[in-house]
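I have placed the structure first, in the form of structure tokens, so that the comments after it can refer back to it.
The values are calculated or read from the model by the stated rules, or taken from the named source; none is laboratory data. This structure is a prediction, so every number in the text was calculated from the model and none was measured. A quick note on method: Cβ atoms are made from the backbone with ideal geometry, for glycine too, and the neighbour counts reach across all protein chains shown.
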Amino acid sequence: MTTIISSNLGYPRIGEKRQWKYALEQYWNQTISQEEFIRQTDQIRLDNLKKQKYIGIDLIPTGDFSFYDHVLDTSVMFGIVPKRFPYQGGKVDLDTYFSIARGTKDAVASEITKWFNTNYHYIVPELQDASLTLTSNRPLELFKEAKEQFGIHTKPVLLGPITFLQLAKGYKESDFGKLLEALTPLYIQILQELQEEGATWVQIDEPIFATNLSDEVLHDAHLAYEKIREAAPGIQLLLQTYFGKVTNYKEVVSLPVKAIGLDFILGDAFSQIKAYGFPKDKVLAAGIINGRNVWRTDLNKSLQLLEEIKQAIESETIIIQPSSSLLHVPVTKRLETELDPIIQGGLSFADEKLVEIVTLAKGLEYGKEAIQQDLENNTQSLIQFNQSAFKRNEQVQKDVEELTKDSADRGLSFVDRIALQKRRLKLPVLPTTTIGSLPQTKELKETRTRYRKGEISVTDYEHFIQQLIKKWIKIQEDLELDVLVHGEFERTDMVEYFGEKLEGFVVTKFGWVQSYGSRCVKPPLVVGDVSFDQPMTVKETVYAQSLTDKPVKGMLTGPTTILNWSFVPDDIPRVTILNQVALALKKEVELLEENGIKIIQIDEPALREGLPLDRNTWQNYLESAVYAFRLTTSSVQPDTQIHTHMCYSNFQDIFETIDQLDADVISIETSRSHGELLSTFKENTYKKDIGLGVYDIHSPRIPSSQELNHNIENALSIIPAEQFWINPDCGLKTRKTNETISALKVMVQAAKELRQSLLLQPK
Ligand code: GLN
Ligand code: ZN
């Protein structure tokens, strides 16, 4: 008889209605005290536990909750606080913790970057000045809390040492082994204390095993886990992988731990098990419910798969769980009462996924009959959803089928295009611009809410947006920026906005997921073939352009970013939807151009994060992303200037792809990664126009002119001035109005001074 255990890897932190976000922001704005903040967040955390217990999950995680980011939690637990923040040792206090994440007026924040192939961002640990010590045993505190408050015996979750070190920076690759040796005793201490407290299962997250690791790292990992097992024999360690196929399957499943967690969705773990087997003496934790999307699981299929897995592995215990933490999906579909019931019936968010897990566990343990009613309901909902009218659009399917290589070609080469564009646009050297969005004030957000509630009319709302555009065109003219933007005030979010306008998408009311810090996004859902329905950005852009002689950039979100930041169906190939989105955006580009817009920016900040974790499969993804981008821009005149923008990723290794997008101008964030991208330019000769973000927009601090000059001069030592643009590193929507104006003033001034000094220099 096999023992079946239901489990969760991580629950969303944000609360059903983003209470978490509001608590954080109120604390940062000092509208609530620290005690009140702690009280509110305790409540959210405990509610999350209660809910999972109520649903009937056997292994409920603790340690998945965070005040900002679980990687930062791990860093501060190990005493890793960059020297620029005051810190005397011991447990890191809350305000120091937030300073590392957000920066202060004296110290820049630590870099943020994307968590594997997701849209979650973590704070990169900086090991350069670290002496590793255990400053507090957070997993233990949270384990005790759940035990004492609810009598729940939880499964503590820790970020694993291999992943943690691989994601950190500030050390030489050759020092990896040494650092791991220093870190291992700290893990041991945590686990021994947990063991003493009575913990049984402990989940160690090692998603890094889905990436390509060297033999040395694998070898060091084996040694470290061996030591950990010996030192805390009472703990049943569950080594958890996710987000992709484990690249060194044999080595990973032979690590000295009790259980191995594999991703059966993105990781296709079953093929590996069939090909290489699974160790008899280990427990398999099977991630079979998709932790990365929002669709109802086909329970019949999953149960079938589980039966097959059970046959294949001969293990005494199977843990059934989501394929990854549920951090990446919204909390519950229960609140989506405004959706078409058929669509609602096709959905499953975090809570519903947990119910699916409990159902499957029951089905696997007691047989199909035990869950007969659930299976029938499931089949009914899925049939209705899959047969519904919004699923198919024959015309779009045909358009995509007819695409050829030439459909994505702009004709004239960059060199010829840029000459025509320069003649038309007449911009100075080192042109200044911004990335698109301008501050979204409280008043704007309130007005939008009232509009959504029907309290003000469309006309009044649109008038309000126009006033903002007008105000900011004037501000930008006064600042003497060279290329203006309309400000994106009509958009809450760069993807959701297009989801609302494109055919084939629906948007939710509370479908939020955490992106970075307190910022959440609400990805739209692709429920059928995607097509152009109505102009999406023309009205606002053309209005803005009518107010000024300077060029106003049209602003679109690119096809790959729209796709990566949406929830996409499993039953249509991703590239098909990608090309459908590209064709719809192409129409929008054409409309902007027809209406006199000379510069169009198509943002692709999510291009890199969609990369599969295994490098060997990158090529396909990158080719389709490039194709879709080029398709979107393929029909514009050569003197229409195409821009693109990317941020918060490592771009070094996809530079060739960036070049192939064939955008005339690209702006890339570099200020938060402190100019590391520059080294890439030393090696590559990038010939197109480029703006490297000259200051970090995520921090409330106003950059000094020295700092900006330094950043720009640094860049100009490598990139010729004729190619260089000056801009902040990302959109300004999260900043305050005054901060924005002050920072842009410094930026424009720096550009002017540099132009002067270039004039003085002999050619
Ligand atoms: N144009 C968008 C903005 O300025 C780009 C945002 C992004 O890169 N994430 O807000
Ligand atoms: Zn950006």
- Task: Any chance you could count how many residues in region 76-107 are crowded, with 20+ Cβ neighbours inside 10 Å, under 16 Å from residue 137 (Cα atoms) and out of contact with any Pro (no Cβ under 6 Å at 6 or more places or on another chain)?
- Result: 5
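Going by the structure shown, is residue 661 within 16 Å of ligand 1 (Cβ to nearest atom) and modelled with pLDDT of 95 or more? Don't jump to the end; show me each part of the working.
Details: within 16 Å of ligand 1 (Cβ to nearest atom): yes; modelled with pLDDT of 95 or more: yes.
So residue 661 passes the test.
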- Query: When region 586-609 is examined, which residues are found to be within 14 Å of ligand 1 (Cβ to nearest atom) and either within 12 Å of residue 635 (Cα to Cα) or assigned to a helix (DSSP H, G or I) (or both)?
  - Reply: 608, 609
- Query: Within the set of pairs 6 or more residues apart or between chains, which connect a residue that is closer than 12 Å to residue 206 by Cβ inside region 222-238 to a residue that is in a strand (DSSP E or B) and among the basic types (Lys, Arg) with Cβ atoms less than 8 Å apart?
  - Reply: 238/155
- Consider residue 438 against the criteria (1) touching a Leu at 6+ places or on another chain (Cβ under 6 Å); (2) at pLDDT below 95: it satisfies all of them except one. Which criterion is unmet? (2)
- Of the residues that make up region 92-102, is at least one assigned to a loop (DSSP other than H, G, I, E, B) and either among the charged types (D, E, K, R) or closer than 26 Å to residue 290 by Cβ (or both)? yes
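Please pick out the residue among 51, 83, 91 that is charged (D, E, K, R), under 22 Å from residue 349 (Cβ atoms) and either in contact with a His (Cβ under 6 Å, 6 or more places away or on another chain) or modelled with pLDDT of 95 or more (or both).
Numbers: 83 fails: under 22 Å from residue 349 (Cβ atoms); 91 fails: under 22 Å from residue 349 (Cβ atoms).
The conditions single out 51.
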- Message: Of the residues 458, 513, only one is crowded, with 23+ Cβ neighbours inside 10 Å and at pLDDT 95 or above; which?
- Response: 513
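Would you be able to say whether some residue in region 657-668 is farther than 24 Å from residue 417 by Cβ and either within 16 Å of ligand 2 (Cβ to nearest atom) or touching a residue at least 60 places away in the same chain (Cβ under 8 Å) (or both)?
Scanning region 657-668 turns up no residue that is farther than 24 Å from residue 417 by Cβ and either within 16 Å of ligand 2 (Cβ to nearest atom) or touching a residue at least 60 places away in the same chain (Cβ under 8 Å) (or both).
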- Query: Counting just the residues of region 196-226 that are of a type in the set (A, V, I, L, M) and outside any helix (DSSP H, G or I), which one comes out farthest from the chain's Cα centre (by Cα)?
  - Reply: 199
- Item | Search result, residues across region 678-702 that are under 28 Å from the mean Cα position of the chain (by Cα) and in a helix (DSSP H, G or I) | 678, 679, 680, 681
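Of the residues that make up region 543-555, is at least one at pLDDT 95 or above, within 16 Å of ligand 2 (Cβ to nearest atom) and either touching a Ser or Thr at 6+ places or on another chain (Cβ under 6 Å) or under 30 Å from residue 404 (Cα atoms) (or both)?
Residues of region 543-555 that are at pLDDT 95 or above, as a first pass: 543-555.
From the residues that got through so far, the ones that are within 16 Å of ligand 2 (Cβ to nearest atom) too are 553, 555.
Imposing the further condition that a residue be either touching a Ser or Thr at 6+ places or on another chain (Cβ under 6 Å) or under 30 Å from residue 404 (Cα atoms) (or both) reduces the set to 553, 555.
Yes - at least one qualifying residue is present in region 543-555.
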- Would you pick out the residues in region 743-763 that are within 17 Å of residue 428 (Cα to Cα) and in a loop (DSSP other than H, G, I, E, B)? 761, 763
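Residues of region 299-324 being surrounded by 19 or more Cβ atoms within 10 Å (Cβ to Cβ) and out of contact with any strand residue (DSSP E or B) (no Cβ under 8 Å at 6 or more places or on another chain), which ones?
Our first condition is that a residue be surrounded by 19 or more Cβ atoms within 10 Å (Cβ to Cβ); within region 299-324, this holds for 299, 302-303, 306, 309, 313, 315, 318-324.
Those that are surrounded by 19 or more Cβ atoms within 10 Å (Cβ to Cβ) and out of contact with any strand residue (DSSP E or B) (no Cβ under 8 Å at 6 or more places or on another chain): 299, 303.
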- Note on the structure: The number of residues in region 73-112 that are polar (S, T, N, Q) and closer than 20 Å to residue 701 by Cβ is 4
- Query: Can you name the residue in region 724-751 that is within 30 Å of the chain's Cα centre (by Cα) and either more than 16 Å from ligand 1 (Cβ to nearest atom) or of a type in the set (Val, Ile, Thr) (or both) and is also nearest to residue 432 (Cα to Cα) among such residues?
  - Reply: 726
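Would you call residue 655 within 14 Å of ligand 1 (Cβ to nearest atom) and surrounded by fewer than 24 Cβ atoms within 10 Å (Cβ to Cβ)? Spell out how you get there, then give the answer.
Values: within 14 Å of ligand 1 (Cβ to nearest atom): no; surrounded by fewer than 24 Cβ atoms within 10 Å (Cβ to Cβ): yes.
No; evaluated as a whole, the condition is false for this residue.
Does residue 625 meet the test of being crowded, with 24+ Cβ neighbours inside 10 Å, within 14 Å of ligand 1 (Cβ to nearest atom), within 19 Å of the chain's Cα centre (by Cα) and not in a strand (DSSP E or B)?
On the way: crowded, with 24+ Cβ neighbours inside 10 Å: yes; within 14 Å of ligand 1 (Cβ to nearest atom): no; within 19 Å of the chain's Cα centre (by Cα): yes; not in a strand (DSSP E or B): yes.
So residue 625 fails the test.
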- Message: All but one of (1) in contact with a His (Cβ under 9 Å, 6 or more places away or on another chain); (2) modelled with pLDDT under 95 hold for residue 651; state the number of the condition that does not hold.
- Response: (1)
- Note on the structure: Of the candidates 682, 745, 687, 733, the one satisfying the condition of being of a type in the set (D, E, K, R) and either in contact with a strand residue (DSSP E or B) (Cβ under 7 Å, 6 or more places away or on another chain) or within 21 Å of residue 603 (Cβ to Cβ) (or both) is 733
- Message: Tell me the residue from 69, 42, 64, 73 that is free of Cβ contacts under 8 Å to residues at least 12 places away in the same chain and either closer than 17 Å to residue 142 by Cα or among the basic types (Lys, Arg) (or both), please.
- Response: 42
- Message: Looking at region 703-742 only, could you name the residues that are free of Cβ contacts under 8 Å to residues at least 60 places away in the same chain, part of a loop (DSSP other than H, G, I, E, B) and either over 13 Å from residue 691 (Cα atoms) or small (Gly, Ala, Ser) (or both)?
- Response: 703, 704, 717
- Subset of region 167-195 [within 27 Å of the chain's Cα centre (by Cα), farther than 30 Å from residue 144 by Cβ and part of a helix (DSSP H, G or I)]: 173, 176
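On the basis of being buried (at least 24 other Cβ atoms within 10 Å of the Cβ) and closer than 23 Å to residue 342 by Cα, does residue 528 make the cut? Steps first, answer last, please.
Values: buried (at least 24 other Cβ atoms within 10 Å of the Cβ): no; closer than 23 Å to residue 342 by Cα: yes.
Here the answer is no, as residue 528 does not meet what is asked.
If you take just the helices (runs of 4 or more DSSP H) that sit entirely in region 346-428, which of them hold at least 1 residues that are closer than 30 Å to residue 724 by Cβ? Please lay out each step first, then the result.
Working: elements: 350-366, 372-386, 394-401, 414-425.
Of the helices (runs of 4 or more DSSP H) lying wholly inside region 346-428, those with at least 1 residues that are closer than 30 Å to residue 724 by Cβ span 414-425.
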- Of (1) buried (at least 19 other Cβ atoms within 10 Å of the Cβ); (2) touching a helix residue (DSSP H, G or I) at 6+ places or on another chain (Cβ under 7 Å), residue 157 fails just (2)
- Task: With the checklist (1) away from ligand 1 (no atom under 16 Å from the Cβ); (2) crowded, with 23+ Cβ neighbours inside 10 Å in hand, flag the one item residue 644 doesn't pass.
- Result: (1)
- Message: For a quick check of your reading of the model, give me the residue pairs whose first member lies in region 489-517 and is within 12 Å of ligand 1 (Cβ to nearest atom), whose second is β-branched (Val, Ile, Thr) and modelled with pLDDT under 95, with beta-carbon atoms closer than 7 Å and at least 6 apart or on different chains.
- Response: 493/521; 515/521; 516/112
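Conditions tested, residue by residue: (1) surrounded by 14 or more Cβ atoms within 10 Å (Cβ to Cβ); (2) not small (Gly, Ala, Ser).
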| position | (1), (2) |
| --- | --- |
| 326 | yes, yes |
| 346 | yes, no |
| 364 | yes, yes |
| 375 | yes, yes |
| 378 | yes, yes |
| 394 | no, yes |
- Task: Give me the pairs, please: first residue somewhere in region 12-34 and small (Gly, Ala, Ser), second residue anywhere and assigned to a loop (DSSP other than H, G, I, E, B), beta-carbon distance under 9 Å, and either six or more positions apart or on two chains.
- Result: 15/331; 23/15; 23/32; 23/518
